[in-house]
Amino acid sequence: MGTHVITIAREYGSGGRRIGMMLARELGYNYYDREIMQLASIDSGISEALFAQADERTKGFSLFRAIRAMNGGEFVPSPPDRDDFISDENLFRYQARVIQTLCDTEDCVIVGRCGDYILRERENVLKLFVHAPMDVRIDVVRDVDGLNASEAERRIRRIDKRRAEYYRCFTGQDWQDARNYDLCLNTGRMSWEQCRDLVRACMRIRFEDFGN
């Protein structure tokens with residue numbers, strides 16, 4: 001039996017992270033979010049702080065052309081003696097290599113990090129996008145982050161904008177385009193538990209060996 005991987009891209013406040021954690025816990029899968037940066041730091045020897053800084057910024061669409069230069073379908077990082085060793089694009093490559101290794105070796109849930117794009121040709125991956133209407137997300141962010149409605153909306157728009165720019169920078173695609181995913185979940189219409197159950201049902205349909 002091979003591995004099964006769930007990737008989750010999500011709008012801020014939509015509950016995507018929570019759904020991912022629920023799935024990982026109930027399926028017995030490993031869960032990865034910011035842990036990807038920790039593993040990439042160990043793999044490369046580059047400070048985790050540099051990965052975190054790169055995660056907060058993008059430098060433009062031109063990086064996409066550099067990222068696409070792959071060797072045998074793999075994102076191959078530059079070695080330490082290269083001038084671009086700690087460039088944003090090389091930091092992305094290290095994270096991509098970690099994600100590909102996880103996909104090959106274990107059942108897991110991967111949140112963010114362009115996981116759906118990096119694993120887009122893998123048959124053992126179910127790619128999810130979690131979204132919700134703005135008013136629903138405002139209520140969630142108000143409760144979780146302790147903000148008023150206007151502050152919550154500003155935070156949502158800021159983080160969504162950053163995620164969209166990061167995705168476009170490293171994939172050249174629209175982060176909210178349903179064609180990038182196998183299943184889109186609207187948590188304004190379903191509870192997190194219902195979304196979890198729907199994903200599990202989809203896994204049973206998609207993978208013949210799921211649960212065996």
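The values are calculated or read from the model by the stated rules, or taken from the named source; none is laboratory data. Note that the structure is predicted; figures quoted are calculated from it, not measured. All Cβ positions, glycine included, derive from the backbone under ideal geometry; neighbour counts span all protein chains shown.
Pull up the stretch 191-207, narrow it to residues that are aliphatic (A, V, I, L, M) and surrounded by fewer than 16 Cβ atoms within 10 Å (Cβ to Cβ), then point me to the one that is nearest to Cys114 (Cα to Cα).
Ranking the qualifying residues of the stretch 191-207, first place goes to Leu198.
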- Task: Could you grab me the full set of residues in the stretch 153-190 that are surrounded by 14 or more Cβ atoms within 10 Å (Cβ to Cβ), of a type in the set (A, V, I, L, M) and part of a helix (DSSP H, G or I)?
- Result: Ile156, Ile159, Ala164
- Query: Do the conditions hold for Arg97, that is, is it at pLDDT below 90 and in a helix (DSSP H, G or I)?
  - Reply: yes
- Message: Suppose we filter the stretch 150-174 for residues that are at pLDDT below 95 and hydrophobic (A, V, I, L, M, F, W, C); how many remain?
- Response: 4
- First in the stretch 8-29 and touching a residue at least 12 places away in the same chain (Cβ under 8 Å), second anywhere and in a loop (DSSP other than H, G, I, E, B) and of a type in the set (Val, Ile, Thr), Cβ under 7 Å, 6 or more apart: Ser14/Thr187; Gly15/Thr187
- Counting only residues that are free of Cβ contacts under 8 Å to residues at least 12 places away in the same chain and of a type in the set (Asp, Glu), which one in the stretch 140-175 is nearest to Glu89 (Cα to Cα)? Asp174
- Of the residues that sit in the stretch 122-151 and are in contact with a helix residue (DSSP H, G or I) (Cβ under 8 Å, 6 or more places away or on another chain) and polar (S, T, N, Q), which one is farthest from Phe207 (Cα to Cα)? Asn148
- Query: Which residues, counting only those in the stretch 117-138, are assigned to a helix (DSSP H, G or I) and either hydroxyl-bearing (Ser, Thr, Tyr) or at pLDDT below 95 (or both)?
  - Reply: Tyr117, Ile118
- Message: On the basis of being of a type in the set (Phe, Trp, Tyr), touching a Ser or Thr at 6+ places or on another chain (Cβ under 7 Å), at pLDDT 75 or above and more than 25 Å from Gln176 (Cβ to Cβ), does Tyr29 make the cut?
- Response: no
